[in-house]
Each structure stands twice: as structure tokens, then as C-alpha cells.
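Since the structure comes first, as C-alpha cells, the remarks are kept for the end.
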């Protein structure tokens with residue numbers, strides 16, 4: 001009986017090690033993101049949702065996640081913004097992860113200054 005138990009120990013150890021590597025292989029792929037230009041139709045800070053109209057005319061109402069939720073109190077209807085969507089496996093937009101002013105990251109024209117002579 002002792003020999004039988006001792007002969008099974010290596011198989012149990014191997015099974016445990018292989019089970020651990022299987023979990024590592026099935027880890028989720030990172031979420032895909034899409035950035036689009038849009039116009040704010042409405043923003044609901046309490047409900048953490050935003051409705052935007054994209055440049056191609058599509059209107060979307062989506063939940064807002066993470067730090068983007070803090071911007072819901074500052075965006076106004078009619079404002080042009082850049083919105084980052086978190087996309088699902090099928091490519092559909094599932095949530096908004098970033099909301100920035102439309103001119104964000106672009107070179108802004110310098111303010112004209114006048115010099116008196």
C-alpha cells in the first residue's frame with residue numbers, strides 16, 4: 001500500500017503544476033480601445049453615463065468608467081470632445097474610459113501679444 005501511495009505522488013505533483021500553467025494561458029487579452037471625435041448630447045454625473053453623437057452621426061449612450069466619470073460634471077451639451085471607448089470582443093463600444101476636450105494634445109495657436117513702441 002505504501003508503494004502505491006508513493007508511486008502516485010509524482011503524478012499528483014505534475015497534475016498540480018500543469019493546472020497552474022493552464023490558468024496562465026487562459027488569461028484575458030487586454031481590452032481594445034477606440035478614440036473618436038464626438039459632440040456631447042448629455043452627461044449624467046449621478047448615473048455615470050454620457051450620450052455622444054459621433055462625427056458619422058451615430059448617437060451612443062454608454063456608462064462612464066474610472067477617472068472619466070469625474071469629467072461628467074464639467075462637460076456640457078454641444079461641446080466637442082475626444083472620447084475613448086472600451087470595446088468588447090465583438091468590437092462594440094461597451095463603456096467610455098476617457099473624455100477630453102477636442103483640441104487636447106494638438107498644437108494650440110499662441111495668443112497674439114501686442115507690444116507698444
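What follows is calculated from the coordinates using simple rules that are stated; it is not laboratory data. This is a predicted model, so every value here is computed, not measured. Note that we place each Cβ from the backbone using ideal geometry, even for glycine, and neighbour counts take in every protein chain shown.
Taking label points 7 Å from Cα along the Cα-to-Cβ direction, residue 90 and residue 46 give a separation of 3.2 nm.
At full extension, residue 33 and residue 61 could sit 8.4 nm farther apart than now, given 0.36 nm per residue minus the alpha carbon distance.
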